[in-house]
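Visitor: Mind having a look at this structure? Questions to follow.
Where a number appears in this text, it was derived from the coordinates with a stated rule and is not lab data. What you see is a predicted model; the values in this text were computed from it and never measured. Note: ideal-geometry Cβ built from the backbone for every residue, glycine included; neighbour counts use all protein chains shown.
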């Protein structure tokens, strides 16, 4: 799972394994360890109607309806977004990059643009 924060926008990118874990357990968590503090970021499947988020005790938690994770798992839908007050939330499948990058992308979703010719 990757997290991107920019201005009032929080975007979660999920690999195939991330989606499968959310389907099976309803929870996914990663962390960034700073010198004296740790930032946790998580997704929790919940009975909410729309995407929502909280930030408490150095933990960013995205609450996601079960229907969204089911649709990410079972369809070609690439992502979901929601404007929660001033905060823009986005959760999407993590696609392989079209250019060469050093990171392991073996668990990413195939990029739909990879087969198109430019």
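Visitor: Scaled to the compact-protein estimate 2.2 N^0.38 Å, what is the alpha-carbon radius of gyration of region 2-93, rounded to two decimal places?
Guide: Relative to the rule-of-thumb radius for its length, region 2-93 sits at 1.04.
Visitor: Let me ask something else about it. Please arrange 6, 16 by counting, for each residue, the other beta carbons lying within 10 Å of its beta carbon, fewest first.
Guide: 6, 16
Visitor: Follow-up. Of the DSSP beta bridges with both residues in region 2-93, give the percent that are antiparallel, rounding to the nearest 5.
Guide: 65 percent
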